[in-house]
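Report on the following structure.
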Amino acid sequence: MKRILISSRGKPEQLAELFRKALPQHEILIDMPNAGDAPIDYMVVGRPAPGVIASVGPVKLVLSLNAGIEHLLESGEIAAHTPIVRMVDDGLAGGMTEWVLAEAMAWHRNIRLYERLQRDLKWEPQQEKLAHERTVTVLGAGALGTPAARNFAALGFKTNVWSRTGREVPGARSFAGPDALLEAAFGANILVNLLPLTKETQNIVDAGLLDALAKGAFFINGARGAHVVDQDLIDALDSGQLSGAALDVFRIEPLPENDPLWHHPKILISPHVAAPTHMHIAVQEIATNIQRFERGEAIPHLVDKSLGY
Ligand SMILES: NC(=O)c1ccc[n+]([C@@H]2O[C@H](COP(=O)([O-])OP(=O)(O)OC[C@H]3O[C@@H](n4cnc5c(N)ncnc54)[C@H](OP(=O)(O)O)[C@@H]3O)[C@@H](O)[C@H]2O)c1
């Protein structure tokens with residue numbers, strides 16, 4: 001009987017129950033094995049504490065409960081030859097698309113502004129624009145960036161999408177690689193970050209990139225806090241280069257109380273909820289990947305460790 005160890009700080013018992021139903025022929029464990037126990041075949045991980053993965057020893061596959069896996073690579077605890085499978089599922093893609101569109105549309109149609117004006121009983125109609133009068137640039141054309149960009153395009157926004165290899169998204173203009181970054185962002189009214197965090201993408205949202213946007217643009221970050229140079233973001237908001245920002249992710253989470261991002265009047269904070277992992281969908285996805293592996297079939301969404309995503 002193959003053994004699966006779950007290492008997750010969030011509700012491991014509940015996860016184990018779901019795995020026992022999805023993979024009844026496997027032994028599901030949530031407690032660390034003792035020395036001398038039979039080896040673990042697969043590890044299912046969220047954000048394991050330092051040392052946990054290393055102490056389990058070699059496994060056949062590491063299956064992530066999250067889409068972002070930079071913490072697993074940074075830990076250095078996974079052997080070079082052990083494949084890592086990212087979480088890609090309809091729940092994550094749907095959740096992220098909803099959050100990005102909700103923030104974008106609330107800005108585009110001045111919903112938050114009218115909310116503030118209502119508090120002062122102010123009747124101040126703004127010059128409302130149509131979607132086709134705005135440009136959106138989405139950074140990242142992967143499992144999350146593609147559906148977001150496709151939906152912007154379907155709503156009529158002029159849509160640019162930037163990726164490493166110039167991946168095509170229906171209805172959007174595609175840009176590839178570092179040389180095309182500023183061109184992709186130039187004149188955009190909304191910038192959406194859905195990149196993975198790698199050596200190449202950390203600090204990518206800086207003054208240079210924000211300056212390329214249209215004056216008064218809106219920035220939406222659903223990816224990772226370390227993509228953004230926070231002081232450059234604050235400066236762009238203070239100068240009026242940006243009119244607002246919706247941030248779901250931060251360098252330190254939970255965001256410390258004294259962090260200036262909390263207190264900035266033009267920043268909307270959400271507590272890393274843009275695309276939460278839906279347990280039952282994630283378990284089904286992981287179970288299917290384990291079954292594929294055991295039948296000797298190819299597994300989708302393997303991490304390319306040399307690229308970092
Ligand atoms: N806030 C939340 O709740 C939440 C939830 C889930 C995920 N996330 C974040 O979202 C990120 C993206 O997830 P995903 O599933 O969409 O990732 P993905 O499928 O791996 O897609 C990554 C995209 O980024 C592009 N890219 C990577 N490195 C690049 C570079 N150096 N320059 C230009 N483009 C680059 C890739 O280009 P190619 O297409 O050319 O390979 C690809 O289009 C995750 O890594 C995670 O950090 C956040």
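The values are calculated or read from the model by the stated rules, or taken from the named source; none is laboratory data. Model, not experiment: these values are computed from the prediction. Backbone-built Cβ (ideal geometry, glycine too); neighbour counts: all protein chains shown. For the accessible areas, the whole protein counts, side chains as well, though only heavy atoms, and no ligand, DNA or RNA atoms are used. Shrake-Rupley method; radii C 1.70, N 1.55, O 1.52, S 1.80 Å.
Of the trypsin sites (Lys or Arg not before Pro) found in segment 253-309, those in coil by DSSP whose Cβ has at most 13 other Cβ atoms within 10 Å are Arg295. Our estimate of slack between Ile252 and Lys2, defined as 0.36 nm per intervening residue step minus the Cα-Cα distance, is 86.3 nm. If one takes the longest principal axis of the Cα atoms in the chain, at what angle in degrees, from 0 to 90 and to the nearest 10, does the Cα axis of helix 90-108 lie? Computed tilt is about 10 degrees. For segment 288-303 versus segment 6-37, the spacing of their alpha-carbon centroids is 19 Å.
Taking amide H as placed 1.01 Å from N in the peptide plane, the amide H of Val44 sits under 5 Å from that of Leu5, Ile6, Ser7, Leu63, each at least 5 places away or on another chain. Computed from Cα atoms, the angle from the helix 145-155 axis to the main principal axis of the chain rounds to 40 degrees. Centre-to-centre, using Cα atoms only, segment 60-85 and segment 88-117 are separated by 31 Å.
The distance linking segment 261-286 with segment 123-146 is 20 Å (Cα centroid to Cα centroid, whole angstrom). Descending by average beta-carbon neighbour count within 10 Å, the peptides 185-197, 52-64 line up as 185-197, 52-64, the highest first.
Peptide packing for 226-238, 29-41 was compared via the average number of neighbouring C-beta atoms within 10 Å per residue; ordered from the highest value, the list is 226-238, 29-41.
Which FRET efficiency value, to the nearest 0.05, is calculated for Ala154 and Glu297 with the Förster distance at 35 angstrom and r the Cβ-Cβ distance? Working from the Cβ atoms, E equals 0.60.
Think of a 1.4 Å ball rolled over the protein heavy atoms: segment 42-200 then has 49 Å² of accessible area per residue. Shown for the chain: the carbon plus sulfur share of the solvent-accessible area, taken with all protein chains present and a 1.4 angstrom probe, equals 54%. Put simply, when 155-167, 276-288 are sorted by average Cβ atoms within 10 angstrom per residue, most first, you get 155-167, 276-288. Taking the alpha carbon gyration tensor of the chain, multiplying each eigenvalue by 5 and rooting it gives semi-axes of 39, 20, 18 Å, largest first. Taking each residue as 0.36 nm, the span from Asp120 to Gln25 lengthens on full extension beyond its C-alpha to C-alpha distance by 27.9 nm.
Among Gly76, Gly171, Gly140, the largest mean-square fluctuation in a Gaussian network model of the chain, built with springs joining Cα atoms closer than 10 Å, belongs to Gly76. If you line up the long axis of helix 230-239 against the longest principal axis of the chain, both from Cα atoms, how many degrees apart are they, to the nearest 10? That helix lies at roughly 20 degrees to the long axis. With contacts defined as alpha carbon pairs under 8 Å and 6 or more residues apart, what's the relative contact order of the chain in percent? Contact order relative to length: 16 percent. Based on the convex hull around the alpha carbon atoms, segment 92-269 presents an average projected area of 10.2 nm².
In this structure, Asp206 and Ser270 have a Cβ-Cβ separation that, at R0 = 22 Å, corresponds to a calculated FRET efficiency of about 0.45. The trypsin sites (Lys or Arg not before Pro) of segment 79-147 meeting both criteria, a DSSP state outside H, G, I, E and B (loop) and at most 10 other C-beta atoms within 10 angstrom of the site's C-beta, are Lys122. Summarising the label geometry, the points placed 7 Å from Cα in the beta-carbon direction at Arg109 and Trp262 lie 3.2 nm from one another. Here are some pairs, Lys2/Lys305; Lys2/Lys60; Lys60/Lys305; which of them have Cα atoms lying more than 19 Å apart in this structure? Flagged as over cut-off: Lys2/Lys305.
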